[in-house]
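Input: a single structure, listed below in structure tokens.
The values are calculated or read from the model by the stated rules, or taken from the named source; none is laboratory data. If you're wondering where the values come from, they're calculated on a predicted model, not measured in any experiment.
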Amino acid sequence: MTLAVCLTALLTLAIGVRAAMGVLRDMAPQVGTLIRFTPGSPSPLVPVRVTAHRLATTARAGGTCTLSAQMMTADGGSLMVEARNRRTREALVNWAGGRTARGPGDCGRTAALRIDTESLRALAEAAGGLGPESTDALAGNAGGA
């Protein structure tokens, strides 16, 4: 009897942990979310720099570039979430705005990029999103996350 109760408790705990992980994973901005980096808004307390994979186009080769939340906030711009792949945990985003980083790592004024959802979540948080006061930084997403 004690063994059955312990196994039931363990199974319940495992289901709860799995559900919590799913909720956390889905807290990344969803398709259609616009993440705004507004000049003059407070700069993130913790530097957020992520590597993005540039999609190859006829005008520009692929490769990697850097998204620095501090630079993106200083120069202004936005990231639009175009698609998410839950299996690979990556998102397709479009950047439009000023510089994304200093030097050769800059993604340019416009870029189609692929980044992992953890990095996307970090950028959204740095822009002021994913919290209860996220409406200024996130748009197009009824849940705000």
For the condition polar (S, T, N, Q) and modelled with pLDDT under 90, what is the one hit in T66, T12?
T12
For the subset of the stretch 27-48 comprising residues that are at pLDDT below 85 and not hydrophobic (A, V, I, L, M, F, W, C), which member is farthest from D75 (Cα to Cα)?
P29
